[in-house]
1. Going by the conditions given, is residue 245 open to solvent by 20 Å² or more (accessible area, probe 1.4 Å), outside any strand (DSSP E or B) and within 22 Å of residue 372 (Cβ to Cβ)?
2. Going through region 307-327 one residue at a time, which ones are more than 10 Å from residue 267 (Cβ to Cβ) and open to solvent by 40 Å² or more (accessible area, probe 1.4 Å)?
3. Of these, 117, 108, which one is open to solvent by 30 Å² or more (accessible area, probe 1.4 Å) and either of a type in the set (Lys, Arg) or closer than 21 Å to residue 71 by Cα (or both)?
4. In region 170-197, which residue that is open to solvent by less than 30 Å² (accessible area, probe 1.4 Å) and not in a helix (DSSP H, G or I) is farthest from residue 263 (Cα to Cα)?
5. Conditions first: (1) open to solvent by 30 Å² or more (accessible area, probe 1.4 Å); (2) at negative phi. Residue 649 passes all but one, so which condition is the exception?
6. Just give me the residues in region 117-154 being aliphatic (A, V, I, L, M) and in a loop (DSSP other than H, G, I, E, B), in sequence order.
7. List the number of the failed condition for residue 523; all other conditions in (1) touching a strand residue (DSSP E or B) at 6+ places or on another chain (Cβ under 8 Å); (2) among the hydroxyl-bearing types (Ser, Thr, Tyr); (3) open to solvent by less than 40 Å² (accessible area, probe 1.4 Å) hold.
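The values are calculated or read from the model by the stated rules, or taken from the named source; none is laboratory data. On a predicted model such as this, the values are computed, not experimentally measured, just so you know. Every residue, glycine as well, gets a Cβ built from its backbone with ideal geometry; the counts of neighbours run over all protein chains shown. Accessible surface is based on the protein model in full, side chains and every heavy atom, while ligands, DNA and RNA are left aside. Shrake-Rupley method; radii C 1.70, N 1.55, O 1.52, S 1.80 Å.
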Amino acid sequence: MKISLTWIKDYVDIKLSPQELAHRLTMNGLNVEAILENDPFKGVVLGKVLEVTKHPNADKLSLTKVDVGTDILNIVCGAPNVKAGQLAPIATIGTMMPGNFEIKKAKIRGEESCGMICSKSELGFETGKSPGIWELDSTTPHTLGQSFAAFIGSGEVVLDIDVTSNRPDCLHMLGMAREIAMIENTTIRMPDVRVIESSEKAEAHASIAIEDREGCTRYAGRVIRNVTIGPSPDWLVKRLEAVGIRSINNIVDITNFVMLECGQPLHAFDYDHLAGHKIIVRKSRKGDTFQTLDDKSHTLNDETVMICDGEKMIAIGGIMGGKNSEISDSTKNVLLESAHFDGKRIRRSSKHLGIMSEASNRFGRGINPEGVIYAIQRAAQLMHELAGGEILAGVLDVNFSITKPAVITLRSASVTRLIGQEIPDNDIADILTRLGFGVINNGDGSFIVTAPSHRVDIEIEENLIDEVARIYGFDRIRPSTGAYGHYHHEPPSGEKMMHQTRAALREAGLSEVYTNAMVHPSSQMAVEPEGEKYFVRLMNPISEDMSVMRISMLPSLLEVVRGNLFRKNDSMQIYEIGRTYRNEGDPLPAERNVLAGCIVGQSAPTHWATKPRAVDYYDLKGIVDRIMGKFWLDSLQYNPYHSFVFAPNSVSISCLASDSQVLTLGRFGRIQNAVLRALDIDTTVWAFEIDYDVLRRIGKFRKTFDLISRFPFIRRDLALIVDEKMQAGVIQNAIRSKAGAHLTNLEVFDVYHGNQVTQGQKSLAFALRFESVERTLTEDEIDATMQSIIAYVENQFGAKLR
C-alpha cells in the first residue's frame, strides 16, 4: 500500500519527518518497506555562502565557498548579487538541470568549480534570465544540505507500507490517517460531503435486485446524468499518480480516488448501456464466459458473484467490470455502484479467474460494512463538481446485511499475562478510545469494548490486547526473565530416527534440500506416465506449476539437479525427506513418508594428487548401506530391479520384519536416460528412493555391545560355483542360517568370471570368521559346520564347491 504524505495531510497534520514517521508506523505494526521521494529538483540542496572573493582571471566572476552541510564546496559564480551569508539553492555535481544540462566538476578560467549557485530562471521558476542568484529566506526553518524541494514544499514523499492481511482498515488514506493521528496525538479531518440532488427521483429511472444474498449483502446505486467526460484536474491526477494509479478520465478517476481515500471499491456503469436500466446481482452459471475491462475472456464457475442488467452480465462483482458497460468518451449518464460482497466468495473467484485487482484485494480481506453509503455520496459529490453531473434524488439501497459490532470483555489481568507487563487501566482505556473503540470501564479490572465498524479484524480479547501493546509501544515493554530448570526430554522414536537419518546422510556428504509438495503435473508424469489417475489436484492452485500434489519425490530432486547444472555446479549429492500423496480411490489421499536422494558428477572434490572419478553404483550403495547401518538392520536382500525410472541393473531392497514378513524398503540405481531427457538433464544421475514409513517401522534404536573374545578365531574360505544370475546376498543369507551362533563375520572377497568356470556360471568366494567368547573352538566342530553349509547350498541352489 502506497500512501502519499501530501495527500494524507489533507486529513491529518504531520509534524514528524518522513523517516521518523516511517519508524513509528513500523513500531506500531505497519512495516514501512520503503520511503519513495519524487524530487523534481534532485541534487539541488540548501547551501550557505561562507565567503566571496574576486576571480583572479575574470573580472565578472567570483570565487565562493559554500557550506552544504556535509561539505564545503568551491564554486565559481557569475551572479552580481552573490555575497557571504546568503542562503541559496545549490546544484551539486551530477544534478540534471532543465534543458538536460548536467552539473559537472570543472575548471573555469583556471579555478575549480564543484557545483552551481542557482537563480530562479535556472530552476524554472522565472521566464527569461534572472538578474542574480535566488536568495532564500534564511528565517524559514531549514537544515544545510536538505533537499531544496522539501524546503519549498514541492515534490512528493510516498511511504510503501506492507499492510498485513488482518488490517484491511489500513488499505486507504483515511485508515492510515487514523494511525498517524494516534502517533501525532491529534485527530483526523473527514472530507466534507455535501450532495446536491435534483428534484427527480432516482428510483423512477433505475432498479436494483439481489438474488445472491450470500455473495452480496448490500448494493447501493446512484444515478448521475449529463456528465461531461474529460481529463481530470491536475490535483486529482497527481494524487493518483503518486500512488501508482494511471489517470483515465474524470469519472473513472473519481471512483479510484474514493476507493483509495476511504477503502470502499466503487464502479461506474454507462447507464445508457444497461438493458432495462436494471441491476441484478446473481450467481454465475458454470461454463458462461465474460469479457472484462482488460479485454480478456474468462470462463466462470457456478459461484462467482455477477452483476447483470436486464439481459446480460455486466461485471464480476467485487473484482472487475465488463467491457460492455464501461465508461467511454461518449458516456452521458452514469449508474454508480457501491456494494458489500462476501470476502470468501471474492477470494475464491479471484483465484479461479486469475484476476487480482485493487477491488478484489480489498473485498477479499474485508471492508467496512458501514462505509457503503459514505463512499457513494463522496463519489457523487465529486462527479457533480468535476464532471458537471446532475445527481438524481435518493440512493437506491438494497440492504440485507445484519452487522453487529463486536462487543468484547477485556480484562486487565489478561493484558498483563500476555504482554508480560502491567499497563494502567487509564492507559488501556485511553488507547482504545483514541483508536475509535467504545470503552466502558467496569471498575473491577475489566472493560466492555465495542469495536468500530471499520475494524473487521477485531473478534476476541487477544485482538484488543494486541492493539493495546502496539500503541503503548513494544519498545516500552520490559523484557521479563522467566524461571529456568533442567528438563530431561527423551525424543520420540520418530524424531530420534529423523536425527539419525540426517546424521548418516550428512556424514556421507549429502546436503539436504527442501522442495514444494505442490508441483506441475508434467514433471510427475515424466517419472510415471500413468500417474495422472493418482493425482490429488488443488481446487484453487496459485498456478499450474503448483496445481497437483506430488506422487513421487524424484522429479522435484531432479529439478534441483537441473537447476544446479544450469548454474555450472556439476557435482552434487542431495537428499530430501518428505511426503508423497496418491489418490487411490479413498476419501483421503494415501500419504507416504519418503527418503530420496540423487548423486551426480565427481565422487570427490578435484585435487591435484588424485584423478577425478565419476560417482557410480558403489558410491550409491555405500550411502544406502550407511543409512541401513544406522538402524541396525540385518537380513537385507538386494534384488535386481528396473522400471520406467530406474535403468536395468538397479536394485530393490527388502528386509525381514520381526513378524517374518518380507517388506520392500526401496530401490536405488541409475535414472533412465528417457526420464532425464524429459526433464532436460544431459548427465548421468544416480538416485535412491526409500519408504521411510517402513524404515521407521523396522529400524532399531537400542544399541548392543559384544565382548571382545580373548580366544582365537578360526577363518575358513568357501568358494562356490553358481549360476551367474545368482545373487551373492542370497547365498550369504543361506550361509548365515546354517553357520550357527559362532559365525561373527561373513564377507564376499572375490567374484570370478573366466575360463576356469563354465560359461553361464561364476565363482563366489566367501570369508567366514568363527569365534567364541567362552572357549577355544575346535577344528572338528568348524569342519562339521562347514560341511553342513556346503551340503545346504548344494541342495538349495545347485552350488558346487570350487
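1. It is true that residue 245 is open to solvent by 20 Å² or more (accessible area, probe 1.4 Å), outside any strand (DSSP E or B) and within 22 Å of residue 372 (Cβ to Cβ).
2. 310, 311, 312, 323, 324
3. The unique qualifying residue is 108.
4. Taking the candidates together, the pick is 191.
5. Exception for residue 649: condition (2).
6. 133, 136, 144
7. The one condition residue 523 does not meet is (1).
For every residue, the table says whether it meets (1) crowded, with 19+ Cβ neighbours inside 10 Å; (2) more than 27 Å from the chain's Cα centre (by Cα).
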| site | (1), (2) |
| --- | --- |
| 501 | yes, yes |
| 515 | no, no |
| 519 | yes, no |
| 566 | no, no |
| 578 | yes, no |
| 586 | no, yes |
| 594 | yes, no |
